[in-house]
């Protein structure tokens, strides 16, 4: 017996696939796996089969054609083809997360491409797929061009490849968000995107903060938020959460600050919590600047901060950003809007309705 890959187009009508598989079975061909790619021309069926040694390429093509298949492509396969395709793709995706620079190699392995090249020219908003070429937009800029003599590329393969390219770009962005932050007093912290593994460290952060710090952050009192809310904050559906740790960045390192950016529509809401002994050291403004940078890259029009009027440290933090802001007041609650399309030049004073500016230039923020 020998392993073969067979790809053929079959009319997307009830019973047609069974006719093809019956034609193969009559010749002793055992179908090991099958993937179906839906196209405008019909269903493209991709088989991995075990065929008798007496059958050659021409015999398999003839069997497919007798089973109402067309545009047949047949090639010998190796034992690695026995690996379940979803499992194989997941393994390659794991490699991409660890090494985004391997995007070209992973695309070649997943699609069996003859050539994969990156070029600086954009692929257009949607790229494109043809019989022998595929053009993928790179989220980081430029595009990937893939070529394969046979079989023809399918829309399903394009979607799979695009998902892998976006995964690699996400891994690059997350790594770029890991920075060593040096505070004015010389202390060093690692700032990085939060993950679900940070839950215990973030709970410890909240418990180490005073009730006053928690109340300024959440308004509803000094209680520690529940685990379900914490998980949603760590990995928001839209936006990002950053944590600052005092060690090398492992989940077991103490978390001393958390910064949240939660997106809704074309705006995002930002929030900060800094452990009491790390306040007034420049950490708050540094985290807020990184949130604004992320919001800018993500295409948000503005970032909102909801602040109590008496929360002078947070107002100083916003003032130190050096950006134009607008403030709306509802009782004791201030909504500070930071437009992302317009940046201030020099120092900008934050005008708080009904409150004098009690902060001198150069004061530290939490």
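Pick out the one residue from 207, 166 that is under 23 Å from the mean Cα position of the chain (by Cα) and either farther than 30 Å from residue 276 by Cα or not in a strand (DSSP E or B) (or both).
After applying the criteria, what remains is 166.
Quick one: count up the residues across region 223-249 that are more than 16 Å from residue 274 (Cα to Cα), in contact with a helix residue (DSSP H, G or I) (Cβ under 7 Å, 6 or more places away or on another chain) and surrounded by 19 or more Cβ atoms within 10 Å (Cβ to Cβ).
Residues in region 223-249 being more than 16 Å from residue 274 (Cα to Cα), in contact with a helix residue (DSSP H, G or I) (Cβ under 7 Å, 6 or more places away or on another chain) and surrounded by 19 or more Cβ atoms within 10 Å (Cβ to Cβ): 1 in total.
I need a count of the residues in region 181-200 that are assigned to a helix (DSSP H, G or I) and crowded, with 20+ Cβ neighbours inside 10 Å. Let's see the steps before the verdict.
To start, the set of residues in region 181-200 that are assigned to a helix (DSSP H, G or I) comprises 196-200.
Keeping just the survivors that are crowded, with 20+ Cβ neighbours inside 10 Å gives 198.
Total meeting the criteria: 1.
Residues being within 28 Å of residue 73 (Cα to Cα), out of contact with any strand residue (DSSP E or B) (no Cβ under 7 Å at 6 or more places or on another chain), in a helix (DSSP H, G or I) and without any contact (Cβ under 8 Å) to a residue 40 or more places away in the chain: count how many of those fall in region 96-140.
2
List pairs: first in region 152-163 and crowded, with 19+ Cβ neighbours inside 10 Å, second part of a helix (DSSP H, G or I), Cβ under 7 Å, 6+ apart or cross-chain?
Note: pairs meeting the criteria are 157/111; 161/107; 161/110; 161/111.
Could you tell me which numbered condition residue 112 fails, if it satisfies all but one of (1) touching a helix residue (DSSP H, G or I) at 6+ places or on another chain (Cβ under 9 Å); (2) under 24 Å from residue 85 (Cβ atoms)?
Of everything listed in (1) touching a helix residue (DSSP H, G or I) at 6+ places or on another chain (Cβ under 9 Å); (2) under 24 Å from residue 85 (Cβ atoms), residue 112 misses just condition (1).
Results for (1) closer than 18 Å to residue 184 by Cα; (2) without any contact (Cβ under 8 Å) to a residue 24 or more places away in the chain; (3) within 29 Å of the chain's Cα centre (by Cα); (4) in the same structural domain as residue 140 (by TED's automatic domain parsing), shown as yes or no for each residue.
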{"site": "286", "(1), (2), (3), (4)": "yes, no, yes, no"}
{"site": "307", "(1), (2), (3), (4)": "no, no, no, no"}
{"site": "319", "(1), (2), (3), (4)": "yes, no, no, no"}
{"site": "327", "(1), (2), (3), (4)": "no, no, no, no"}
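The values are calculated or read from the model by the stated rules, or taken from the named source; none is laboratory data. These numbers come from a predicted model, not from an experiment. With ideal geometry, Cβ positions are generated from the backbone for all residues, glycine too; neighbour counts draw on all protein chains shown.
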